[in-house]
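Working notes, structure below.
The values are calculated or read from the model by the stated rules, or taken from the named source; none is laboratory data. Here the structure is a predicted model, which is why all the values come from computation and not from measurement. All Cβ positions, even for glycine, are placed from backbone atoms using ideal geometry, and neighbour counts span all protein chains on display.
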Amino acid sequence: MRGTRAVFGVALAAVAVVATACGSGDPTKPSAAPSTAESSTTAGSSSTSGSPTPAQTDSIVVGSANFQESVVLADIYAEALKAKGVKVSTKLNIGSRETYIPALKDGSIDLLPEYSGVLLQYFDTKATAVSSTDVYAALQTAVPSGLTVLDQSSAEDKDAIVVSKDVAAKYHLTSIADLAAVAGKLTLGGPPEFKTRPDGVPGLKADYGVTFGSYKTLDAGGPLTVNALKNGQIDAGDIFTTDPSITQNGFVVLADPKFEFAAQNVLPLINKSKASDTVKTTLNAVSAKLDTKTLIDLLTKVVSDKQDPDATAKAWLTSVGLG
């Protein structure tokens with residue numbers, strides 16, 4: 001999932017493609033990457049007789065990074081909270097971690113779906129945990145004051161170095177380690193921040209001795225990266241393991257025996273001031289139901305079948321008794 005997320009403010013054309021894939025018909029999903037101030041607001045359903053009345057702190061602004069899966073997960077969180085009578089607004093397609101973590105801290109947004117391993121690396125660049133259990137434990141102390149993580153799900157989505165069948169066959173590639181001898185001839189594609197993050201280009205060099213001949217700045221595992229890989233504009237791409245395009249295009253995911261990409265379990269990252277009992281119980285229930293297969297299925301519906309992310313989220317929540 002994903003070590004890197006596209007930087008806020010990437011080229012308008014690139015973001016428009018991503019936003020379209022995320023369901024441009026939904027008014028909460030703008031056609032270009034917005035600032036947090038430009039995103040739309042959706043009020044949650046009001047409390048009815050017999051339902052718990054949420055505290056004032058249960059008014060939640062749910063944000064997302066600017067890629068399809070994050071939008072789907074944010075919609076799941078938002079719709080689950082609304083089903084419990086929480087007043088919810090959304091600010092979707094915000095950008096990368098470098099943009100939305102400050103927004104969480106200053107209260108511009110309150111809640112986001114995150115990925116355990118890359119979040120740990122963001123807060124602690126010296127962290128060495130790689131397993132789901134160890135990463136989650138390390139996060140408890142790495143998350144800064146004012147923020148907290150809730151229960152992690154078993155759903156996991158990692159960054160992966162992905163190549164086409166032709167490139168894999170030509171250079172006999174099955175593992176990232178196999179790239180060491182040939183990477184100097186190749187072009188790697190990915191989002192801007194992948195060039196500098198510890199679990200990006202620097203990690204490939206440190207862990208595997210892999211240095212690519214060139215780097216092409218694209219999106220965060222989205223249509224620009226996928227199309228560039230299909231068309232031979234890049235030889236390898238940073239694409240997320242739950243992306244339906246991998247199977248659809250016969251791409252090859254290179255093995256990562258040295259754990260360049262640590263465990264990446266989906267979990268809520270929230271401002272502590274908004275983590276009321278109602279909010280925590282609701283989101284923990286979502287995490288308990290969310291697994292990797294479900295995540296792939298949901299993303300396939302949105303990316304491949306062009307279903308609306310919010311409608312897809314509602315349907316899944318209803319199917320598991322959380323809608």
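Things to note:
Yes or no, residue by residue, for (1) more than 26 Å from residue 147 (Cβ to Cβ); (2) in contact with a Lys or Arg (Cβ under 8 Å, 6 or more places away or on another chain); (3) not hydroxyl-bearing (Ser, Thr, Tyr):
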residue	(1), (2), (3)
261	no, yes, yes
264	no, yes, yes
273	no, no, no
301	yes, no, yes
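- Entry remark, the stretch 214-243: residues being under 17 Å from residue 184 (Cα atoms) and without any contact (Cβ under 8 Å) to a residue 12 or more places away in the chain number 0 in total.
- Condition check for residue 256: over 18 Å from the mean Cα position of the chain (by Cα) and in contact (Cβ under 8 Å) with a residue 40 or more places away in the chain: yes
- Qualifying positions in the stretch 197-211 - surrounded by fewer than 22 Cβ atoms within 10 Å (Cβ to Cβ), in a loop (DSSP other than H, G, I, E, B) and modelled with pLDDT of 95 or more: 209, 211
- Matching residues in the stretch 289-323 - criterion: being of a type in the set (A, V, I, L, M, F, W, C) and under 18 Å from the mean Cα position of the chain (by Cα): 290, 295, 296, 298, 299, 302, 303, 313
- Where residue 315 falls short, out of the listed (1) out of contact with any Lys or Arg (no Cβ under 8 Å at 6 or more places or on another chain); (2) of a type in the set (Gly, Ala, Ser); (3) surrounded by fewer than 20 Cβ atoms within 10 Å (Cβ to Cβ); (4) not assigned by TED's automatic domain parsing to the domain that holds residue 71: (4)
- Selection from the stretch 245-255 of residues that are in contact with a helix residue (DSSP H, G or I) (Cβ under 7 Å, 6 or more places away or on another chain) and assigned to a helix (DSSP H, G or I): 245, 249
- Check on residue 106, acidic (Asp, Glu) and touching a strand residue (DSSP E or B) at 6+ places or on another chain (Cβ under 7 Å): no
- Selection within the stretch 223-234 - touching a strand residue (DSSP E or B) at 6+ places or on another chain (Cβ under 9 Å) and surrounded by 16 or more Cβ atoms within 10 Å (Cβ to Cβ): 224, 225, 226, 228, 229, 234
- Evaluating residue 247 against the criteria (1) buried (at least 19 other Cβ atoms within 10 Å of the Cβ); (2) not assigned by TED's automatic domain parsing to the domain that holds residue 121 leaves one unmet condition, (1).
- Considered as a group, the residues in the stretch 176-191 that are within 26 Å of the chain's Cα centre (by Cα) and under 17 Å from residue 228 (Cα atoms) include one that is surrounded by the most Cβ atoms within 10 Å (Cβ to Cβ), and that residue is 190.
- Count - residues of the stretch 143-175 that are surrounded by 15 or more Cβ atoms within 10 Å (Cβ to Cβ) and either in a loop (DSSP other than H, G, I, E, B) or under 22 Å from the mean Cα position of the chain (by Cα) (or both): 20
- Residues of the stretch 133-190 classified as in contact with a Gly (Cβ under 6 Å, 6 or more places away or on another chain) and either under 12 Å from residue 263 (Cα atoms) or without any contact (Cβ under 8 Å) to a residue 12 or more places away in the chain (or both), total: 2
- In this structure, residue 217 qualifies as touching a helix residue (DSSP H, G or I) at 6+ places or on another chain (Cβ under 6 Å), outside the structural domain of residue 291 (by TED's automatic domain parsing) and polar (S, T, N, Q).
- Residue 258 falls short on exactly one of the conditions (1) outside any loop (DSSP other than H, G, I, E, B); (2) in contact with a helix residue (DSSP H, G or I) (Cβ under 7 Å, 6 or more places away or on another chain), and that condition is (1).
- Which numbered condition residue 272 fails, given (1) crowded, with 23+ Cβ neighbours inside 10 Å; (2) not assigned by TED's automatic domain parsing to the domain that holds residue 203: (1)
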